[in-house]
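Worksheet: one structure, shown below.
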Amino acid sequence: MEKSIDQPSPSRTRFGSADLVAALRDIGLGEGDSVFVHSSFKSLGSIKGGALTVIRSLEATVGPAGHVLMPSFHLIARSKRAEMWNLETTPASTGWLTEFFRTLQGTLRSDHYSHSVAVRGPNAADWVSGGRAEQGLTSPWDLDPWMRTFGVNSPIYKCYTDNSKVLLLGADYDSLTFLNLVEVMDWNKRLVENPAAEFRVIDRDIVGAICDAGGNVRFGTVGLAHCRVFSARELIDDLLARIAAGEGIFKSEKSS
């Protein structure tokens, strides 16, 4: 999961929008892309115009037909999430940039008490639609009356079917929510055979090393931030194939 809100730190070098757009294009983002961004704003260094410049640079990179998605999760104490949830006012607990992104006029947010996603782009409404339907994969985070966390109507699952790109913007695999989707897919498959099957948690260190060495990740620097870009579908399908082949990528741990 993402870490708590981080604040920007000073840097001698200041980066503008042109710098960021050029760097984002260099690592594989382009016109028409839908990109899910996990971020550490402070890792970028000093940005002229702050968080707004970063978001406008992402939008300029994917163009008018593209979409930018960010986690807008509500990861307070699990027992408090539902009662404290308000679609319009509950802040994102997933970082400085994601909360700024949520509050921008024109950003839409999916209605989920725990794993909400914020989206900007021409079809943002389609990304967050689905209401509270109970279709698709079941997960430990499902709670009535909200939609299934990783169900077919969830923005996270739609990133998989859409083959969206993922940008780790100064963030690491510890933050990658698509690993939760892999865990859920694995669990649902095993539940068919054994209704008492336990939920298995991926070892992020092992998977991070596998992904970095696999050839499907593009590396680069945006501002001062070390970044990775890859296909959501390619990553997920590769890990599911490794699980089917018996590779040991799990650890024993309860979901959080």
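Each reported figure results from applying straightforward, stated rules to the coordinates on display, with no laboratory input. All figures in this text were calculated on a predicted structure; none of them were measured in a lab. As a convention, Cβ positions derive from the backbone with ideal geometry for all residues, glycine included, and neighbour counts pool all protein chains shown.
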| field | Alpha-carbon centroid distance for the pair the range 96-174 / the range 194-256, whole angstrom | value | 19 Å
| request: Rank by packing, highest mean first: peptides 142-149, 102-109, 244-251, with packing defined as the count of other Cβ atoms within 10 Å averaged across residues. | output: 142-149, 102-109, 244-251
| task | Out of all DSSP beta bridges with both ends in the chain, state the antiparallel percent to the nearest 5. | result | 65 percent
| Highest GNM mean-square fluctuation, the chain, Cα pairs closer than 10 Å: which of Ile76, Ile27, Ile236? | Ile76
| Semi-axes, largest first, in whole Å: what does sqrt of 5 times each Cα gyration tensor eigenvalue give for the range 18-98? | 28, 15, 10
| query | Separation between the His226 and Val192 pseudo-spin-labels, each 7 Å from Cα along Cα→Cβ, expressed in nm? | reply | 3.9 nm
| field | Where only C-alpha atoms are counted, convex hull volume of the chain per residue in Å³ | value | 121 Å³
| Using alpha carbons only, how many degrees (0 to 90, rounded to 10) separate the axis of helix 17-26 from the longest principal axis of the chain? | 50 degrees
| field | Protection-proxy order for peptides 228-235, 94-101, 45-52, each taking the mean of Cβ atoms within 10 Å per residue, highest first | value | 94-101, 228-235, 45-52
| What angle, in degrees between 0 and 90 and rounded to the nearest 10, separates the Cα long axis of helix 204-213 from the longest principal axis of the Cα atoms of the chain? | 60 degrees
| field | Globularity index of the range 74-170, i.e. its alpha-carbon radius of gyration over 2.2 N^0.38 Å | value | 1.04
| query | Please state the relative contact order of the range 139-256 as a whole percent: Cα pairs under 8 Å, 6+ residues apart? | reply | 33 percent
| task | Report the percentage of all Cα-Cα pairs in the range 145-256 whose separation exceeds 19 Å, rounded to a whole percent. | result | 47 percent
| So if R0 is 45 Å, what FRET efficiency would Ser46 and Glu247 give, r being the distance between their Cβ atoms, rounded to the nearest 0.05? | 0.60
| message | Checking the table Lys189/Lys251; Lys80/Lys158; Lys48/Lys80; Lys48/Lys158 against a 29 Å threshold on Cα-Cα, which pairs fail? | response | Lys48/Lys80; Lys48/Lys158
| For the range 58-105, with equal point scatterers placed on the C-alpha atoms only and solvent neglected, what are the log10 I(q)/I(0) values from the Debye formula at q = 0.23, 0.26, 0.28 1/Å, to two decimals? | -0.85, -0.98, -1.07
| query | What is the helix-to-structure angle for 232-244, meaning the angle in degrees between its Cα long axis and the longest Cα principal axis of the chain, kept from 0 to 90 and rounded to the nearest 10? | reply | 30 degrees
| said: Could you give each residue of the range 62-71 its phi-based ³J(HN,Hα) in whole Hz, using Karplus coefficients 6.51, -1.76, 1.60 with θ = phi - 60°, and x for Gly or Pro? | reply: 8, x, x, 9, x, 9, 10, 10, 9, x
| How much length, in nm to one decimal, is gained on full extension between Leu240 and Asn163, taken as 0.36 nm per residue of separation minus their Cα-Cα distance? | 26.2 nm
